[in-house]
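Here is the structure we will look at.
The values are calculated or read from the model by the stated rules, or taken from the named source; none is laboratory data. This structure is a prediction, so every number in the text was calculated from the model and none was measured. Cβ placement follows ideal geometry from the backbone for every residue including glycine, while neighbour counts extend to all protein chains displayed.
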Amino acid sequence: MHRIVIQVVVLVLGAAVAGSASAGGSATGVTVKLKEFKILPSATTVKAGKVAFTVTNVGKINHEMVVMKSNLPPGKLPVNANHRVPEKGVVGEAGDIHPGQTKKVTLTLPAGRYVLLCNIAGHYAAGQRSGFVTK
């Protein structure tokens, strides 16, 4: 009987240790609010690795959130003739988000500097951008 109890305790402890090891691989959650003409993340610096963005459009018009790797300051990205930022360096996005809508996107972001921006024509230039760093 004692042998069975010991085996059960070892199994339970082993499962607890395995569960905590896999929990370390979970994503860092960042909520982002989009509105005219701002991007408001709940954090601007997070641990490198998986980042789960929950993006809500609290504005009155459509927006999107693009995550772009860049060493340039958030307001210094080039803008093309279509009033959009060329999407070289984009690592992911939450596409068109209608007013009141929420979208989720999980990305694996290596350590570095990023810009969160709305790339609907004219929105970036109007100030809808934010710096974002992973360490």
One residue from Lys88, Lys104 being within 19 Å of Asn57 (Cβ to Cβ), touching a strand residue (DSSP E or B) at 6+ places or on another chain (Cβ under 9 Å) and among the charged types (D, E, K, R): Lys104
So Gly75, is it more than 22 Å from Gly29 (Cβ to Cβ), touching a Ser or Thr at 6+ places or on another chain (Cβ under 8 Å) and among the small types (Gly, Ala, Ser): no
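Let me confirm something: among Asn82, Asn71, Asn119, Asn62, which residue is free of Cβ contacts under 8 Å to residues at least 40 places away in the same chain and either more than 18 Å from Lys35 (Cα to Cα) or polar (S, T, N, Q) (or both)?
None of the others qualify; the one that does is Asn82.
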Residue in segment 103-116 that is farthest from Lys69 (Cα to Cα), counting only those that are under 10 Å from the mean Cα position of the chain (by Cα) and in contact (Cβ under 8 Å) with a residue 60 or more places away in the chain: Thr106
Only one of Gly131, Gly95, Gly100 that is among the small types (Gly, Ala, Ser) and either more than 15 Å from the chain's Cα centre (by Cα) or under 24 Å from Gly25 (Cα atoms) (or both): Gly100
Residue in segment 43-59 that is out of contact with any helix residue (DSSP H, G or I) (no Cβ under 8 Å at 6 or more places or on another chain), closer than 18 Å to Ile97 by Cβ, modelled with pLDDT of 90 or more and exposed (fewer than 14 other Cβ atoms within 10 Å of the Cβ) present: no
Filter result for Ala43 (of a type in the set (Gly, Ala, Ser), part of a loop (DSSP other than H, G, I, E, B) and within 23 Å of Thr134 (Cβ to Cβ)): yes
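Table: residues versus (1) charged (D, E, K, R); (2) in contact with a strand residue (DSSP E or B) (Cβ under 8 Å, 6 or more places away or on another chain); (3) modelled with pLDDT of 95 or more.
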| site | (1), (2), (3) |
| --- | --- |
| Lys69 | yes, yes, yes |
| Asn80 | no, no, yes |
| Gly92 | no, yes, yes |
| Leu109 | no, yes, yes |
| Leu117 | no, yes, yes |
| Ile120 | no, yes, yes |
| Tyr124 | no, yes, yes |
Yes/no for Tyr124 being under 13 Å from the mean Cα position of the chain (by Cα) and of a type outside the set (Asp, Glu): no
Leu77, sole failed condition from (1) surrounded by fewer than 15 Cβ atoms within 10 Å (Cβ to Cβ); (2) among the hydrophobic types (A, V, I, L, M, F, W, C); (3) more than 12 Å from the chain's Cα centre (by Cα): (1)
Set Arg113, Arg129: member being touching a Cys at 6+ places or on another chain (Cβ under 9 Å) and on the phi < 0 side of the Ramachandran plot: Arg129
